[in-house]
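Accompanying notes for the structure given below.
The values are calculated or read from the model by the stated rules, or taken from the named source; none is laboratory data. All values derive from a computational prediction rather than experimental measurement. Here the Cβ positions follow ideal geometry from the backbone for every residue, glycine too, while neighbour counts run over all protein chains shown. All accessible areas refer to the heavy atoms of the entire protein, side chains included, with ligands and DNA or RNA removed. Shrake-Rupley method; radii C 1.70, N 1.55, O 1.52, S 1.80 Å.
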Amino acid sequence: MELKQILVFMDDPNHSADRLDLALNLAKRHRAGVIGLKVQPHHLIPLRRGLDQDTTEELARLFNEKTAAADIKGEWINADARVLGGVVETINHYATFADLVVVGQSEHGSSERRATDFLPEKVVFGSGKPVLIVPYTGKYSSAGDKVLVAWKTGRESSRALTDAVPFLKAAASTHIFEVNPSQGEEADLKSLGRYLDAHGVKAEVETSLITELHIGDVLLNRVSDEGSDLLVMGAYADLHFGNYVLGDVAKHVLRHMTIPVLMSH
């Protein structure tokens, strides 16, 4: 797969600007176009609708200015959440026409319930596309020079790795990292190395035996040790009452992430 169309969810001007800068950087690297998506929620209060309209106009202006300055082909979409059933459903619909979706990390610590709560994981589960999740704090104008792939033999890791191949081919360095592998999984790592080599990706493969730390913390510590600027991982999930619920490790990483995370399900 090649990255030729990148969808960026834009909700508020401050965080959306950083998110868009990252998407434009990726678009330059992969010669891709960028779609900016603002989803207009339904508000019963006229004042709230007016404020949302002001924000939408500001975001559209920001998108058009930045894509023009970067000389990137851009398409702006202002969608009504009511048409497709909600904010997440609208993002997932437009993801159909993109190779990558860029969203922001959920804001933690707020007591106010929002339509975008748990948005990243819902987009991962529902879009059918790889999702690049950008941390809520900090600035990340680039990602993918030094990539760490969190590996565990299974469908989710396999999907994430395949989705990440365009990033890995463009990366300066790639590390495959597995925590507490079984004997069979260690053998799988050799096959994994051959798979990546067939795609022109040179990767270092490492394992670690950990008994005390949370695996999510092990991954985040490894990110820091390697100086990685992108973490790739599968979105493991369990079914609860017919709905997917993000697994413990992925949930921990998304809550405490320090760099952008590329996640697939």
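Running a GNM on the chain with Cα contacts under 10 Å, which residue among Gly138, Gly184, Gly227 ends up with the highest mean-square fluctuation?
Gly184
Please tell me which of these pairs span more than 20 angstrom C-alpha to C-alpha: Lys190/Lys251; Lys38/Lys66; Lys28/Lys251?
Those over the limit are Lys190/Lys251; Lys28/Lys251.
What accessible area per residue comes out for the chain, rounded to a whole number of Å², with a 1.4 Å probe? Don't skip to the end; give the middle numbers.
Details: 12970 Å² over 265 residues.
Heavy-atom accessible area per residue stands at 49 Å².
Between Leu22, Leu59, Leu84, where does the largest GNM mean-square fluctuation fall for the chain, given springs only between Cα atoms within less than 10 Å?
Leu84
Take the alpha carbon gyration tensor of the range 60-106, find the square roots of its eigenvalues, order them as a ≥ b ≥ c, and report rounded if a/c is under 1.5; if not, report prolate when a/b exceeds b/c, else oblate.
prolate
Cβ under 11 Å from Glu58's Cβ, Glu58 left aside: what net charge do those residues give with Lys, Arg +1 and Asp, Glu -1?
-3
Give me the distance between the Cα centres of the range 181-201 and the range 1-29, rounded to whole Å.
Cα centres, the range 181-201 to the range 1-29: 31 Å.
Check cross-link reach from Lys169 to the aspartates and glutamates: straight Cα distance under 12 Å, and skip same-chain residues fewer than eight apart.
Glu2, Asp145, Asp197
Quick one: grab the alpha carbon gyration tensor of the range 1-100, order the square roots of its eigenvalues as a ≥ b ≥ c, and give me rounded if a/c is under 1.5, else prolate or oblate depending on whether a/b is larger than b/c. Mind dumping the intermediate values first?
Working: a/c = 2.83, a/b = 1.52, b/c = 1.86.
Verdict is oblate for the range 1-100.
Using the Cα gyration tensor of the range 156-265, with a ≥ b ≥ c the square roots of its eigenvalues, what is the shape: rounded (a/c below 1.5), prolate (a/b larger than b/c) or oblate (neither)?
rounded
Using Cα-Cα distances under 8 Å and only pairs 6 or more residues apart, what relative contact order does the chain have, in percent?
20 percent
Taking the Cβ of Ser157 as the centre, find all other residues whose Cβ is under 13 Å away and add up their charges (Lys, Arg: +1; Asp, Glu: -1). Intermediate results must be reported in sequence, preceding the final value.
Values: positive: Lys152, Arg155, Arg159; negative: Glu156, Asp163, Glu178, Glu185, Asp188.
Charge balance in the 13 Å sphere: -2.
Tell me the mean residue ellipticity at 222 nm calculated for the chain from its helices only (DSSP H runs of n ≥ 4, each -39500 (n - 2.57), averaged over every residue, nearest 500).
-14000 deg cm²/dmol
Mind putting a number on the dipole of the chain about its Cα centre? Charges go on the C-beta only, +1 for Lys and Arg and -1 for Asp and Glu, and I need it in Debye to the nearest 20.
For the chain, the charge dipole is close to 600 debye.
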